[in-house]
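The values are calculated or read from the model by the stated rules, or taken from the named source; none is laboratory data. The structure presented is a predicted model; accordingly, all values stated were derived computationally and were not measured. Neighbour counts are summed over all protein chains in view; Cβ atoms, including those assigned to glycine, are modelled from backbone coordinates with ideal geometry. Just so you know, the surface numbers come from the protein's heavy atoms only, side chains and all, with ligands and any DNA or RNA stripped out. Shrake-Rupley method; radii C 1.70, N 1.55, O 1.52, S 1.80 Å.
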Amino acid sequence: MRTSITSLLLATVATVAAVTGSGPVPLPAAFQKTAEPTRSGHRYPDFGYLPAPQQYEGRVFKLSQDYPTALPAGGDVPEIATRDFDAITKDWRTYLLDVRAYCFRGNIRGHDVEDDWQVEHNTENHWYHMPWQHYGPTGREGIHGLTKEAPVQPQQLAESQTYTGGQTYAVGFYNTFGGYTIGEVWKDHEHPAKDLKKIEFPVGTVVCKVLFVDIPPDQVPSLNPALIWHGYITENFTSTDRSIRRLSLIQMDIMVRVRDARAPTGWVFGTFQYNGKRPGARPQPSWDNLVPVGLQWGNDPEITTDTSNPTPKETIINKQLKQSVINPDANELPPTHLGWNGRLNGPVDNPRSSCMSCHLTAESPQRSQISPLFEKNPPKAGSPEWMRWFQNPKCGTAFDQHVTPTDFSLQMAIALQNFRSWRNAGSKILASRYKSQAVPARIKDLPARNVGGLHDPEESEVEIRRDYKAP
Ligand code: HEC
């Protein structure tokens, strides 16, 4: 009984998503693909918010969700994941540009930039989206699949940036190796991660994510000329009023699960920043304007000095760091704040955090904040408590007790959290969900670990958010 009601609800969400819009505009035959049936026969909703048909026509975001049911043969692991670790770190610039090329392949069509990243039509390489990002006020919009991420502070991007209501929106993609793990976790739509003791991405997983800001581009010299996407987004970070608005490309993030055991956590993280003054091979403005910021393969746990550069006039490179490398070319890289004490971070990330610092917390249920700054009583910067967020755990290690680590994937953690919120909210309104014999009459001291569990103690979970807090 419960099963059929839940599936009905899921189906309703999907139908609502499908009928609110004018429907996808037919694509050229070369891009059309027959949908393969998913393992359960269900489809996940594509998005949560779509403009009304009288307001919008054009591409409609489609969740790439035909997750592979088997891993590609070993020989198909992309070379960027099998490269020698010394070559990756010493020749970081070549590495970043090679990863960028891998991400662009088949996703950049070379015509109107608004048509790019329709990964479900990529015939050269397969990419997938994380389900369950449609849910809640920050959920996916229906034009490009963007989710609301974080506010942008005045002068975070440039001295001349005075705009105060700035916000970031982004969309991420997983290659086949990542898509396989998503499919494993979500093969039973109602009991995610049911049979899994661990959530681990295989060597060869590549994830990339493009990030946009709604700041007027004329306030930020490096955003000229800007690469513009339209998104169905809120007026500002705290608003829930959506309209079709312009967004400028600012950043692209990548993470690669590499084979070489010398990678302290198994992952390497890298980022690119948009620079309108540095055109690439494609006509301007293009994705080629994304220039390397740097590469990170560890959190430098021994370095505890507390510095940051929240309103950057220049990029400050910390030569002490051994596990982040930053592009030293000031002509190429616009002034950028980086992360805590110079660790790698992108222009719309928190200047007192760092890529791997946030991502190492990814777990389900999420018991700790993704940054020590967001804790109720933030520990002193550089203290042993603070440095918990700047260690190098091997991938698949849990940050807290009684949780399932989601292997550095915060989207996976969010997806599971959203699913639980939806189901827990549902369980409050649907009397038919209750099975009286399943409701304990006395409090039991049960371990909290239960990824899909209906009775997860919600109060001990924190919301995964990326709010910037001023230092
Ligand atoms: C303040 C915390 C924070 C910092 C710092 C941060 N991220 Fe993330 N990142 C997140 C959250 C939360 C998500 C999930 C929501 C989303 O899709 O953005 C995410 C998502 C991603 C994704 C999509 C896959 C996934 O793991 O969910 C990639 C790739 C990524 N980040 C890379 C980076 C890189 C590279 C950096 C540094 C340049 C970085 N991140 C810095 C919080 C952070």
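GLY294's amide H: which non-local residues (gap 5+, or another chain) put their own amide H closer than 5 Å, with H modeled 1.01 Å from N in plane and none for Pro or chain starts?
THR271, ASN327
Which value results when the Cα radius of gyration for region 170-270 is divided by 2.2 N^0.38 Å?
Cα-based Rg divided by the globular estimate yields 1.43.
Using only the Cα atoms, what convex hull volume per residue in Å³ does region 44-86 have?
In region 44-86, the Cα convex hull volume per residue is 162 Å³.
Projecting each Cα onto the charge dipole of region 194-343 (Lys/Arg +1, Asp/Glu -1 at the beta carbon, about the Cα centre), which of VAL220, THR234, GLY298 comes out farthest on the positive side?
Of the options given, the answer is GLY298.
Karplus couplings for region 118-126 from phi (6.51 cos²θ - 1.76 cosθ + 1.60, θ = phi - 60°), rounded to Hz, Gly and Pro as x?
Running phi through 6.51 cos²θ - 1.76 cosθ + 1.60 with θ = phi - 60° gives 8, 5, 5, 9, 6, 8, 8, 7, 9 Hz.
Hey, if we sort LYS194, LYS148, LYS394 by accessible area with the 1.4 Å probe, largest down, what's the order?
Putting LYS194, LYS148, LYS394 in descending order of accessible area: LYS194, LYS394, LYS148.
Label region 199-252 by shape, choosing from rounded, prolate and oblate, from the square roots a ≥ b ≥ c of the eigenvalues of the Cα gyration tensor; if a/c is under 1.5 it is rounded, and otherwise prolate applies when a/b is larger than b/c, oblate when it is not.
oblate
Placing unit charges on C-beta atoms (Lys and Arg positive, Asp and Glu negative, everything else neutral), compute the dipole magnitude of region 245-285 about its Cα centre in debye, rounded to 20.
Rounded to the nearest 20 debye, it is 200 debye.
Treat each spin label as a single point 7 Å out from the Cα along the C-beta direction, and report the LYS376 to ILE228 distance in nm.
About 4.7 nm, to one decimal.
Check GLN251: other-chain or 5+ apart residues with amide H under 5 Å from its amide H, H built from backbone geometry?
Amide H to amide H, under 5 Å and 5 or more residues apart or across chains, GLN251 pairs with LEU211, TYR274.
Once you have a ≥ b ≥ c as the square roots of the Cα gyration tensor eigenvalues for region 260-306, tell me rounded if a/c is under 1.5, and otherwise prolate or oblate according to whether a/b is larger than b/c.
Oblate is the answer for region 260-306, as a/c is 1.5 or above yet b/c matches or exceeds a/b.
Taking the simple approach of a point 7 Å from Cα along Cα-to-Cβ for both GLN55 and ALA70, what is their distance in nm?
4.6 nm
Can you run phi through the Karplus equation (6.51, -1.76, 1.60; θ = phi - 60°) for region 229-237 and list ³J(HN,Hα) in whole Hz, with x for Gly and Pro?
10, 9, x, 8, 10, 7, 5, 8, 4
Heavy atoms only, probe 1.4 angstrom, no DNA, RNA or ligands counted: give me TYR56, TYR174, TYR49 ranked by accessible area, highest first.
So the residues, ranked largest to smallest area, are TYR49, TYR56, TYR174.
Strictly over 27 Å apart at the Cα level, which of LYS62/LYS209; LYS209/LYS322; LYS187/LYS376; LYS194/LYS394 would you flag in this model?
Where the Cα-Cα span goes over 27 Å, the pairs concerned are LYS187/LYS376.
Rg to Rh for region 48-139: what is it, with Cα atoms only and Rh by Kirkwood?
1.06
Quick check on packing: order 134-142, 119-127 by the mean number of other C-beta atoms within 10 Å, highest mean leading.
Result, highest mean first: 134-142, 119-127.
Applying the Karplus parametrisation 6.51 cos²θ - 1.76 cosθ + 1.60 with θ = phi - 60° to the phi angles of region 174-179, what ³J(HN,Hα) value in whole Hz is obtained for each residue in order, glycine and proline being reported as x?
Coupling constants for region 174-179: 10, 6, 4, 5, x, x Hz.
Keeping all protein chains in the complex and leaving out DNA, RNA and ligands, what accessible area do you get for CYS208 with a 1.4 Å probe, in Å² to the nearest 10?
Taking all protein chains as shown, CYS208 has close to 0 Å².
I'd like the accessible area for THR69, computed on protein heavy atoms only with a 1.4 Å probe and all protein chains in place. Round to 10 Å², please.
90 Å²
List the residues, sorted by chain then number, that are 5 or more residues from ALA362 or on another chain and whose placed amide H is less than 5 Å from its amide H.
PHE408
When ligands, DNA and RNA are left out and all protein chains stay put, how many square angstrom of accessible area per residue does region 181-238 have with a 1.4 Å probe?
Counting only protein heavy atoms, the per-residue value for region 181-238 is 35 Å².
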